[in-house]
Amino acid sequence: MQKFGGTSVASSQVRELVVQKIHSAMEQGFSPVVVVSAMGRKGDHYATDTLIDLARSAYKHIAARELDLIMYCGEIISAVVMTGTLQAAGIDAVMLTGGQAGVITDNNFNNSRILKVDPSRLMGLLRMGKTPVVCGFQGVTVDGEFTTLGRGGSDTTAAALGAALNAEMVEIYTDVDGIMTADPRIVTNAKILDSITYAEVCQLAHQGAKVIHPRAVEIAMQKNIPLVVKSTFSNAPGTLITSTAKGDTQETAVADKVATGVTYLPNIAQIKITLDAATTHNESFKVFKAMADSGISVDLINVHPGQIMFTVMEDVAEKAAAKLRSLGYAVEMVGDCAKVSVVGGGMREVPGVMASFVEALSRNNIPILQTVDSHTSISVLVKKADVNKAVVALHEKFGLAN
């Protein structure tokens, strides 16, 4: 499987580089299946966000079903142009929509989930020596409705098709040379990771790193299909994603390193609720049920006698606070926050990791508003103004540039 993102198919010059990548795979004896995203990014003529803006220029609250129909167009345009480019290069390419490629989804428009993949049509084309070019990001319901898979959906398409076809590898081509230890715009000495585990990259993605969609990783992990994130614009080997780093055993991978990367998620608000200590246990259910009923996702949850703390995205913070106040709760809201996380499979049961984390922030006079940790990550809430300083400090403390 070879998936090419929007910047990889945005111009005729770049599409020639894509042809070289596909041709190289064929020369190595593979029968590639190609997945493409819509061309370019917001502002480009056929980018998904541009099409959304076009639809909403007619009616701001256009229905989700119709929005999926116009979003479908971006990948169709991209796949047709890429197919023509391959045909011009002598490659017998055939374009398919997500539905034609066998991607069957539920009917949750704009953010559908894949129910199953029927690979029979793709297998037939491969047996005939053809190269399928599939529209990423899209599928079809059992009733024939067009659906899209939400942000990162082309990654998910590639992983799901790769799993259904028992692919040897899924290559995710983008505009960077691989997955980095931190955002290079913040950390100048961030480095490309040679390898990373499924669990670690899922944590990085969930905690804010825009590397690969976690749904794609989870699908590949189920079938233990290796993923590689690499650049269309270079011949760098990229970052290999497997069950264990560097092909070693999990024990060896854990012993080699404590942390893998530092990432951040901006535009977060903290919500604090003050309660009677004796009623906290019962009230916590009501609080989180109210958030669920309001369609608000919560994170960084801490429940203590007399207090409940959690975070929400800033754009729904006022809605969350208003809902809770309407139920009689005393609510304090802290805006302009961000979550900063250190991720690493090697931190499990290693003493001193939290101490190192806190020390790095303390030495840089960065107040910690809230913490939460798991076996593979430690996250803190800080003020948005401290994000860059926190990321740099943690990257240095955990030796990620070495």
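Can you find even one residue in the stretch 152-160 that is assigned to a loop (DSSP other than H, G, I, E, B) and either touching a strand residue (DSSP E or B) at 6+ places or on another chain (Cβ under 8 Å) or open to solvent by 10 Å² or more (accessible area, probe 1.4 Å) (or both)? Yes, because at least one residue in the stretch 152-160 is assigned to a loop (DSSP other than H, G, I, E, B) and either touching a strand residue (DSSP E or B) at 6+ places or on another chain (Cβ under 8 Å) or open to solvent by 10 Å² or more (accessible area, probe 1.4 Å) (or both). If you go through the stretch 122-148 and keep only what is within 27 Å of Q87 (Cα to Cα) and outside any strand (DSSP E or B), you end up with L122, M123, G124, L125, L126, R127, M128, G129, K130, G136, F137.
Residue count for the stretch 191-210 satisfying the condition of being outside any helix (DSSP H, G or I), closer than 12 Å to M180 by Cα and open to solvent by less than 40 Å² (accessible area, probe 1.4 Å): 4.
A quick yes/no check of all residues on (1) open to solvent by 60 Å² or more (accessible area, probe 1.4 Å); (2) part of a strand (DSSP E or B):
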site	(1), (2)
I91	no, no
M95	no, yes
G99	no, no
L115	yes, yes
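Hey, among the residues in the stretch 49-89 that are of a type outside the set (A, V, I, L, M, F, W, C) and open to solvent by 80 Å² or more (accessible area, probe 1.4 Å), which one's nearest to the chain's Cα centre (by Cα)? Going through the qualifying residues, I end up with R65.
So, in the stretch 255-283, of the ones that are among the polar types (S, T, N, Q) and surrounded by fewer than 16 Cβ atoms within 10 Å (Cβ to Cβ), which residue ends up modelled with the lowest pLDDT? Per the criteria, the residue is T279. Is it fair to say D92 is at pLDDT below 95 and either over 19 Å from A38 (Cβ atoms) or not small (G, A, S) (or both)? When the stated conditions are applied, D92 does not pass them. Within the stretch 1-42, the set of residues being in contact (Cβ under 8 Å) with a residue 60 or more places away in the chain, open to solvent by 30 Å² or more (accessible area, probe 1.4 Å) and among the small types (G, A, S) comprises S12, S31. Answer yes or no: is there a residue in the stretch 355-375 that is more than 30 Å from S243 (Cβ to Cβ), among the polar types (S, T, N, Q) and in contact with a helix residue (DSSP H, G or I) (Cβ under 9 Å, 6 or more places away or on another chain). Yes, the conditions are met somewhere in the stretch 355-375.
Do we find that D53 is modelled with pLDDT under 95, in contact with a strand residue (DSSP E or B) (Cβ under 7 Å, 6 or more places away or on another chain) and either in a helix (DSSP H, G or I) or closer than 17 Å to E145 by Cβ (or both) in this structure? Against the criterion (modelled with pLDDT under 95, in contact with a strand residue (DSSP E or B) (Cβ under 7 Å, 6 or more places away or on another chain) and either in a helix (DSSP H, G or I) or closer than 17 Å to E145 by Cβ (or both)), D53 does not qualify.
Flag not set for E359, criterion: over 27 Å from I186 (Cβ atoms), open to solvent by 30 Å² or more (accessible area, probe 1.4 Å) and not small (G, A, S). Looking at I186, I212, just one residue is out of contact with any Asp or Glu (no Cβ under 8 Å at 6 or more places or on another chain) and of a type in the set (V, I, T), and that residue is I186.
The values are calculated or read from the model by the stated rules, or taken from the named source; none is laboratory data. Please read these numbers as outputs of a predicted model, since none were measured by experiment. Reconstructed Cβ throughout: ideal geometry from the backbone, glycine too, with neighbour counts over all protein chains shown. When the accessible area is computed, the model is the full protein with side chains, heavy atoms only, and any ligands, DNA or RNA have been set aside. Shrake-Rupley method; radii C 1.70, N 1.55, O 1.52, S 1.80 Å.
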